Amino acid sequence: MIKLFKVKENQRETQSADGKPPVKKQSSGELRLQKDITELNLPKSCCISFPDGKDSLMNFEVTIKPGEGYYKGGKFVFSFQVSPLYPHDAPEFLCCLQVYHPNIDLEGNVCLNILREDWTPILNINIIIYGLFNLFTQPNHEDPLNSDAANVLRDDPDEFKSNVKRAMSGDSLGDAHFSSCLT
């Protein structure tokens, strides 16, 4: 038994003696995410970036600039953190600034059914980004995180449109203070 430990110790010394840093082994989640990212097929109004560099794939940002609907002309950034257990665990993400939206609360949490009860490992980052994109082109008042916005959307779409414009230009609505997200 002692000889086995000595062999492993000698192997480690040999690996570091050649001057090259030891190769970091990628988790299965990193390998799957790398595959998902290389196969991305995003709408033109969406892009992905890696603020910590391409060596840190598990943390990235997605920017959505809707070209139609209530949120046309806005710029919305989402910060993603992906678990090493991806795709068995859904990625976690937040909207980086407050937005007046029935499916996004004021803390940036997003209500997207594929991230809850409908998540399966067959889903991927591309599907999540399309889901986010669709929330901006077709907000859903039936499954809200922001019930005030959902009620206004359901009861008075014109007032909802006005509230979205005010929030996107940096105005306050009630107790919520929004930053401008216009491009």
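Overview of results
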| read-out | value |
| --- | --- |
| Scope the range 38-84; condition β-branched (V, I, T) and either part of a strand (DSSP E or B) or open to solvent by 30 Å² or more (accessible area, probe 1.4 Å) (or both); matching residues | T38, I48, V62, T63, I64, V77 |
| Which listed residue, of L97, L57, is in contact with a strand residue (DSSP E or B) (Cβ under 8 Å, 6 or more places away or on another chain) and at pLDDT below 95 | L97 |
| Answer residue from the range 125-183, given it is among the small types (G, A, S) and assigned to a loop (DSSP other than H, G, I, E, B) and is least open to solvent (accessible area, probe 1.4 Å) among those | G170 |
| Among the candidates P87, P91, residue that is of a type outside the set (G, A, S), without any contact (Cβ under 8 Å) to a residue 40 or more places away in the chain and either out of contact with any helix residue (DSSP H, G or I) (no Cβ under 7 Å at 6 or more places or on another chain) or crowded, with 20+ Cβ neighbours inside 10 Å (or both) | P91 |
| Scan of the range 107-119 for residues that are open to solvent by 60 Å² or more (accessible area, probe 1.4 Å) and over 11 Å from the mean Cα position of the chain (by Cα), ordered by number | E107, N113, R116, E117, D118 |
| Members of the range 107-121 that are modelled with pLDDT of 95 or more and of a type in the set (A, V, I, L, M) | V110 |
| Unmet requirement for L97, which otherwise passes all of (1) in contact (Cβ under 8 Å) with a residue 60 or more places away in the chain; (2) under 26 Å from K35 (Cβ atoms) | (2) |
| Flag for F93 being assigned to a helix (DSSP H, G or I) and out of contact with any Asp or Glu (no Cβ under 7 Å at 6 or more places or on another chain) | no |
| Subset of the range 22-37 (residues that are touching a residue at least 12 places away in the same chain (Cβ under 8 Å) and part of a loop (DSSP other than H, G, I, E, B)) | S27 |
| I2 being farther than 30 Å from G170 by Cβ, of a type outside the set (D, E, K, R) and either at pLDDT 95 or above or exposed (fewer than 13 other Cβ atoms within 10 Å of the Cβ) (or both) | yes |
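The values are calculated or read from the model by the stated rules, or taken from the named source; none is laboratory data. All values derive from a computational prediction rather than experimental measurement. Quick reminder, even Gly has a Cβ in these numbers, built from the backbone with ideal geometry, and neighbours come from all protein chains shown. Only protein heavy atoms, including side chains, enter the accessible area calculation; ligands, DNA and RNA are left aside. Shrake-Rupley method; radii C 1.70, N 1.55, O 1.52, S 1.80 Å.
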